[in-house]
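Scroll down for the structure; my scribbles are underneath it.
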């Protein structure tokens with residue numbers, strides 16, 4: 001999945017140099033891949049769905065699996081998105097706040 005997101009980001013980089021492509025990490029993409037890294041203009045949003053299903057009344061800080069996933073994504077230098085994001089559902093839309 002990250003290969004696909006990176007290709008989208010590469011395609012948008014020249015026309016929208018200040019845009020960030022956002023992708024959601026959940027289910028099979030909950031943990032980051034071992035060999036591929038997101039481009040500089042890609043932001044990954046870690047979703048809490050698998051945490052919420054198993055630990056319905058707990059904070060994400062109470063889930064070892066979620067904490068491990070956050071640490072793993074942080075280890076490959078994924079940071080929180082800021083502005084000018086292009087969500088995968090809105091590819092081609094630049095800007096935003």
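Nothing in this text is a laboratory measurement; each read-out follows from the coordinates by a stated rule. Being a predicted model, the structure only gives us computed values, none of them experimental. Here the Cβ is made from the backbone with ideal geometry for all residues, glycine too, and neighbour counts use every protein chain on show.
Couple of notes before you dig in:
- Nitroxide proxy distance, nm - points 7 Å out along Cα→Cβ at residue 18 and residue 52: 3.3
- Fewest neighbouring Cβ atoms within 10 Å first, the residues 63, 69, 3 line up as 3, 63, 69.
- The order of 24, 46, going from fewest to most other C-beta atoms within 10 Å of their C-beta, is 24, 46.
- For residue 10 and residue 64, a Förster radius of 30 Å and the Cβ-Cβ distance give a FRET efficiency of 0.30, rounded to the nearest 0.05.
- Look at 71, 44 and count the other Cβ atoms within 10 Å of each Cβ; fewest to most, that gives 71, 44.
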